[in-house]
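A short worksheet on the structure shown next.
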Amino acid sequence: AKTIPTLAVYANTLQQALQQTAALVQAIASQMQSKGPDATLANASVFLSYLGHVVVGWIWLWQAVSAQQKLATDPANTAFYRGKLHACQYFYRWEMPLLQHWHQLLNTADDTCHQMQVDFF
């Protein structure tokens, strides 16, 4: 994807996300040791959303590379391939930025969820 000018920015975004994910996993492992499983796992749903977005970002980029290649060889399905490229653009512009917010919450071991009390309801 890095060699396709229209997709290179998404490839770079995904590469950064993968690098941040590796660092984040190490940070969470450290938090597990220092804060314990209850405090660390209070943010598990955010971690799953984070990982899911990284995987879906990879899938959209993979499809976009294929669609970009098919545009030149399959003119009968141009709209379909442009739709794939547009969906990739949407995901990277609207969904991938959520990773930064989630990364900050997870990396700093935000304890908002863990500190919630039943009687607060």
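Quick rundown of the values:
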| item | result |
| --- | --- |
| Mean shadow area of the stretch 61-113 over all directions, Cα convex hull, nm² | 4.5 |
| Contour minus Cα-Cα distance for Asn107 and Ala39 (0.36 nm per residue) | 23.2 nm |
| Surface per residue (accessible, 1.4 Å probe) for the chain, Å² | 65 |
| Accessible area (Å², 1.4 Å probe, nearest 10) - His86 | 120 |
| Charged-residue dipole, Cβ positions (Lys, Arg, Asp, Glu), the chain about Cα centre, Debye nearest 20 | 620 |
| Local net charge near Ala27, Cβ-Cβ under 15 Å (Lys/Arg +1, Asp/Glu -1) | -1 |
| Contact order relative to length of the chain, as percent, for alpha carbon pairs under 8 angstrom and 6 or more apart | 35 |
| Descending principal axes extents, the chain, alpha-carbon based, whole Å | 61, 31, 16 |
| Those lysines that a straight Cα-Cα span of less than 20 Å connects to Lys35, excepting residues fewer than 8 apart in one chain | none |
| Net lengthening on full extension, Gln15/Gln63 (0.36 nm per residue, minus Cα-Cα) | 15.6 nm |
| Radius 15 Å from Cβ of Tyr90, net charge of other residues (Lys, Arg +1; Asp, Glu -1) | +2 |
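The values are calculated or read from the model by the stated rules, or taken from the named source; none is laboratory data. As the structure is a prediction and not an experimental result, all values here were calculated from the model. Neighbour counts are summed over all protein chains in view; Cβ atoms, including those assigned to glycine, are modelled from backbone coordinates with ideal geometry. Side chains are part of the model used for accessible areas, which takes the heavy atoms of the whole protein and leaves out ligands, DNA and RNA. Shrake-Rupley method; radii C 1.70, N 1.55, O 1.52, S 1.80 Å.
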